[in-house]
Amino acid sequence: MNTVINQIKTSDPTSDINKIEFEHMFLSFCTCSCLINNKKLNLAKIFITLLDTPNLRHAMLRATSLDNEWQLLRKFLEYEPTLHKSKYIKNYITNTSKPLK
């Protein structure tokens with residue numbers, strides 16, 4: 001059953017269009033983030049900037065038509081699966097994590 005659904009998704013033109021439009025909006029917003037910060041940022045730093053800036057995160061959610069922040073963060077990881085290995089992200093998590101009670 002899953003193979004049939006996967007075949008439909010891969011041959012569905014609307015799915016292809018949605019994927020292309022999302023990727024374009026995603027990359028455009030990453031470019032906008034670089035321009036706003038007046039820096040040449042890599043994807044890991046843009047990811048951290050989104051984590052730190054609720055207004056920017058909300059704007060990206062609206063621009064990409066995603067429902068919640070978890071979907072947005074998941075899309076980053078889908079776009080760049082090795083993002084979790086970034087030293088910037090590891091340092092961010094180490095420095096901002098709170099000890100469990």
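Comparing Cα centroids, region 49-101 and region 21-44 end up 14 angstrom apart. Farthest towards the positive end of the charge dipole of region 18-96, among the residues CYS32, ALA44, ALA59, is the Cα of ALA44, using unit charges on the Cβ of Lys, Arg, Asp and Glu. The mean sequence distance of close C-alpha pairs (under 8 Å, at least 6 residues apart), as a share of the length of the chain, puts its relative contact order at 21 percent. By other beta-carbon atoms within 10 Å, ranking ILE8, ILE48 with the fewest at the front produces ILE8, ILE48. Of the complete DSSP H runs in the chain, those spanning 27 angstrom or more by Cα along the long axis with a mean Kyte-Doolittle score not below 0.0 are 13-37. Placing +1 on each Lys and Arg Cβ and -1 on each Asp and Glu Cβ, with no other charges, gives region 18-96 a dipole about its Cα centre of roughly 320 debye. Can you tell me how much longer the chain between SER65 and VAL4 gets when fully stretched, taken as 0.36 nm per residue apart minus their C-alpha distance, in nm with one decimal? Taking SER65 through VAL4 to full extension adds about 19.2 nm, to one decimal. A viscosity of 1.567 mPa s and a temperature of 4 °C, combined with the Kirkwood radius over C-alpha pairs in the Stokes-Einstein formula, give the chain a diffusion coefficient of 85 µm²/s.
Here, each number is a calculation from the coordinates, and none is a lab measurement. All values reported here derive from a predicted model rather than from experimental measurement. Note: ideal-geometry Cβ built from the backbone for every residue, glycine included; neighbour counts use all protein chains shown.
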